[in-house]
Every structure is written in structure tokens, then in C-alpha cells.
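Enquirer: Attaching a single structure in C-alpha cells format; questions to follow.
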């Protein structure tokens with residue numbers, strides 16, 4: 001019998017991470033279906049409150065950017081997403097985002113708004129949508145994520161500021177005049 005080697009990722013047991021793994025496959029038989037996958041990827045859209053974020057979203061890899069304050073755009077995308085990662089820490093209409101999910105879609109909230117977000121039960125029940133949450137991982141998980149990002153050259157866009165400009169940065173934050181996260185240059189404390 002002829003065999004073929006295939007590359008895969010597999011967990012060797014219930015507690016292992018996924019690691020590279022070779023699979024030996026038999027040749028397809030008369031009742032098998034063989035397909036050739038040429039490309040594989042994830043299509044994603046960004047949802048933002050501001051149209052000023054459209055260019056950045058596209059530059060960072062989004063296939064499209066939906067402005068949540070645009071009622072027509074939101075209506076067009078109702079029931080079209082499998083998954084939404086909601087990182088908004090401010091009050092927002094969570095039901096508007098839930099309505100974007102497909103049947104059995106999931107919205108995972110990682111932002112922490114100051115007040116509870118009211119959820120309309122029928123936004124979850126009838127279309128079988130899932131609303132989940134996740135907090136930041138512990139030190140080990142955070143280090144693993146940072147190591148992964150470093151190994152794969154995944155970086156974030158930031159605005160580096162000296163400590164002496166912290167009050168100006170806070171004022172800009174209150175005015176929503178921030179494109180990226182502020183990062184304080186701790187070396188500026190020596191000045």
C-alpha cells in the first residue's frame with residue numbers, strides 16, 4: 001500500500017500544547033474524496049465607533065472596517081459574523097454587536113466597562129448566540145503570549161511618550177484623541 005507523509009499540528013495528550021506532527025496517510029481509495037487546499041486564512045472585519053480608524057484597520061489586515069455609528073453598515077452586517085472579540089472598556093450598546101452574530105456565533109468580551117452592560121435575552125436565545133468573557137491570563141500565560149509575539153514579529157502600534165507628558169496624554173484620552181495605546185518611556189524618568 002502506498003502512503004503519503006502530511007504535516008500537521010497535534011496535542012500528544014490532554015495537557016500538551018499543539019506541536020508539529022507528521023502523519024502517515026494511505027493513498028485515497030475509491031470511496032474517498034481528495035481535495036487540494038491551496039490557501040487557508042481567516043477573514044476578519046474590524047468594528048470601530050470612528051471612521052478615523054478605517055485606514056488603520058485596513059492597514060493592519062482587516063478585510064473591511066464597519067463603523068458602528070453607521071446604522072446602514074451595522075444593518076448590512078447583521079447576522080454575518082461567527083465571532084466578535086469586544087475589547088471596548090467604555091459603555092456601549094452590546095446588543096448592537098450581538099445582532100451582528102450568525103446562528104451559534106460568539107461574542108467574547110475582554111474589555112471591562114465600568115457599569116454592567118444590559119443584554120436583551122432574545123438577542124441570545126432565538127438566534128442561539130453565545131456571550132462569553134475572558135480576563136487577562138496570569139504571568140505565565142502573559143509571558144507565553146509575549147514570547148509568541150516576539151518569535152513571530154507581532155507588534156502593536158503605540159504612541160511612545162515621556163513621563164513628563166503624562167497629563168497631556170490623559171487630556172487627549174478624555175477627548176478621545178488617541179489613535180494607539182500610550183506607552184510611557186520609563187527612561188524619561190531620569191531626565
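The values are calculated or read from the model by the stated rules, or taken from the named source; none is laboratory data. Everything quoted here is computed from the prediction, not taken from an experiment. Virtual Cβ from ideal backbone geometry, glycine too; neighbours counted across all protein chains shown.
Enquirer: Does any residue in the stretch 8-23 that is closer than 20 Å to residue 141 by Cβ come within less than 6 Å, Cβ to Cβ, of a residue that is at pLDDT below 70 and in a strand (DSSP E or B) six or more places away or on a different chain, and which pairs are these?
Expert: Final answer for the pair search is 18/9.
Enquirer: Report yes if some residue within the stretch 105-122 is loosely packed, with under 11 Cβ neighbours inside 10 Å, in contact with a helix residue (DSSP H, G or I) (Cβ under 9 Å, 6 or more places away or on another chain), within 30 Å of residue 71 (Cβ to Cβ) and assigned by TED's automatic domain parsing to the domain that holds residue 68; otherwise report no.
Expert: Within the stretch 105-122 (the criterion being loosely packed, with under 11 Cβ neighbours inside 10 Å, in contact with a helix residue (DSSP H, G or I) (Cβ under 9 Å, 6 or more places away or on another chain), within 30 Å of residue 71 (Cβ to Cβ) and assigned by TED's automatic domain parsing to the domain that holds residue 68), the answer is yes, since at least one residue qualifies.
Enquirer: Also, quick follow-up: Filter the stretch 150-191 for residues that are touching a helix residue (DSSP H, G or I) at 6+ places or on another chain (Cβ under 6 Å) and assigned to a loop (DSSP other than H, G, I, E, B) and give the result.
Expert: Once the filter is applied, which keeps residues that are touching a helix residue (DSSP H, G or I) at 6+ places or on another chain (Cβ under 6 Å) and assigned to a loop (DSSP other than H, G, I, E, B), the stretch 150-191 yields only 178.
Enquirer: Quick check on my filter: what residues within the stretch 160-191 are surrounded by 13 or more Cβ atoms within 10 Å (Cβ to Cβ) and within 25 Å of residue 57 (Cβ to Cβ)?
Expert: The answer is 161, 169, 172, 182.
Enquirer: Somewhere in the stretch 146-156, is a residue over 15 Å from the mean Cα position of the chain (by Cα) and under 21 Å from residue 184 (Cβ atoms)?
Expert: yes
Enquirer: What pairs can you find where one residue is in the stretch 176-190 and within 11 Å of residue 165 (Cα to Cα), the other is part of a loop (DSSP other than H, G, I, E, B), and their Cβ atoms are less than 8 Å apart, with a gap of 6+ or different chains?
Expert: So the pair list comes out empty.
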